[in-house]
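The values are calculated or read from the model by the stated rules, or taken from the named source; none is laboratory data. Everything numeric here is computed off the predicted structure, so don't read it as measured data. Using ideal geometry, Cβ is built from the backbone for each residue, glycine included, and neighbour counts are taken over all protein chains shown. Surface accessibility is based on the protein's heavy atoms, side chains included, excluding ligands, DNA and RNA. Shrake-Rupley method; radii C 1.70, N 1.55, O 1.52, S 1.80 Å.
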Amino acid sequence: MKFFFQRNETDSEIKIELKTASFYLLVAMIVCWMAISFILQSNEAGSVFLPILIGFMMLRFFALVKVQKEVLVAMRDKRLTTQGSKFSFKNPFIYIIKKKTLSEADA
């Protein structure tokens, strides 16, 4: 699922980069569906495009579920930091999760 996120792991941390292109593609698909359905008032074209939009939304949701679970656990343990913006291609949104050390894991 490298289209939705990229995961890089080192000995001390995990970096998960959310891909900006997939976010903008989702927004573009929603705008296109709304334009087809409401501006052009074409129910036939809108009803053909809607399952594609829903399928992409579900694919993106299920691709990011595992990431979100990991982020929630890291957030609860206060090991999470973020950087970037989900709207920027040059500075994409990145979750940085510090790994537990052996002494923290035993506690």
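When all alpha-carbon pairs of the range 20-107 are counted, what percent fall beyond 19 Å? Could the numbers behind the result be given before it?
On the way: 2215 of 3828 pairs.
Counting every Cα pair in the range 20-107, those more than 19 Å apart make up 58 percent.
For a quick check: with amide H placed at 1.01 Å from N, whose amide H comes under 5 Å from Thr82's, ignoring anything fewer than 5 positions away on the same chain?
Placed amide hydrogens put Ile96 under 5 Å from Thr82.
Can you work out the accessible area per residue across the chain, with the rest of the protein chains kept in place, probe 1.4 Å, in square angstrom? Don't jump to the answer; show the numbers that get you there.
Values: 7550 Å² over 107 residues.
Computed with neighbouring chains in place, this is 71 Å² per residue.
For every other residue with a beta carbon closer than 12 angstrom to the beta carbon of Pro92, add +1 if it is Lys or Arg and -1 if Asp or Glu, then tell me the sum.
Details: positive: Lys15, Lys19, Lys86, Lys90; negative: Glu17.
For residues surrounding Pro92, the net value is +3.
Provide the gained length on full extension for the span Ser37 to Leu50, in nm with one decimal, where the gain is 0.36 nm per separating residue minus the Cα-Cα distance. Please list the in-between numbers first.
On the way: separation 13, 0.36 × 13 = 4.68 nm, distance 0.93 nm.
Taking Ser37 through Leu50 to full extension adds about 3.7 nm, to one decimal.
I need the phi-derived Karplus couplings for the range 12-22: 6.51 cos²θ - 1.76 cosθ + 1.60, θ = phi - 60°, integer Hz, Gly and Pro marked x.
These are the phi-based 3J(HN,Hα) values: 9, 8, 10, 10, 10, 9, 7, 6, 5, 4, 5 Hz.
What residues of the range 55-93 lie in the reach of a label at Lys15, counting those whose backbone N is under 15 Å from a point 7 Å from the Cα along Cα→Cβ?
Of the residues in the range 55-93, 81-85, 90-93 have backbone N under 15 Å from the label point off Lys15.
Could you please state how large a percent of the accessible area of the range 5-98 is carbon and sulfur, counting protein chains only and using a 1.4 Å probe? Walk me through the intermediate numbers first.
Numbers: 4180 of 6300 Å².
Whole-percent figure for carbon plus sulfur exposure: 66.
Rounded, prolate or oblate, given the Cα gyration tensor of the range 50-98, with a/c below 1.5 counting as rounded? Write down the numbers at each step before the final one.
Numbers: a/c = 4.39, a/b = 1.52, b/c = 2.89.
In terms of gyration-tensor shape, oblate.
Just to confirm a number: summing +1 for Lys and Arg and -1 for Asp and Glu over residues other than Thr81 whose beta-carbon lies under 11 angstrom from that of Thr81, what do you get?
On the way: positive: Lys15, Lys78, Arg79, Lys98; negative: Glu13.
Taking every Cβ under 11 Å from that of Thr81, the sum is +3.
Ignoring everything except DSSP H segments at least 4 long, calculate the 222 nm mean residue ellipticity for the chain; use -39,500 (n - 2.57) per segment, divide by total residues, nearest 500.
Estimated from H runs of four or more residues: -17000 deg cm²/dmol.
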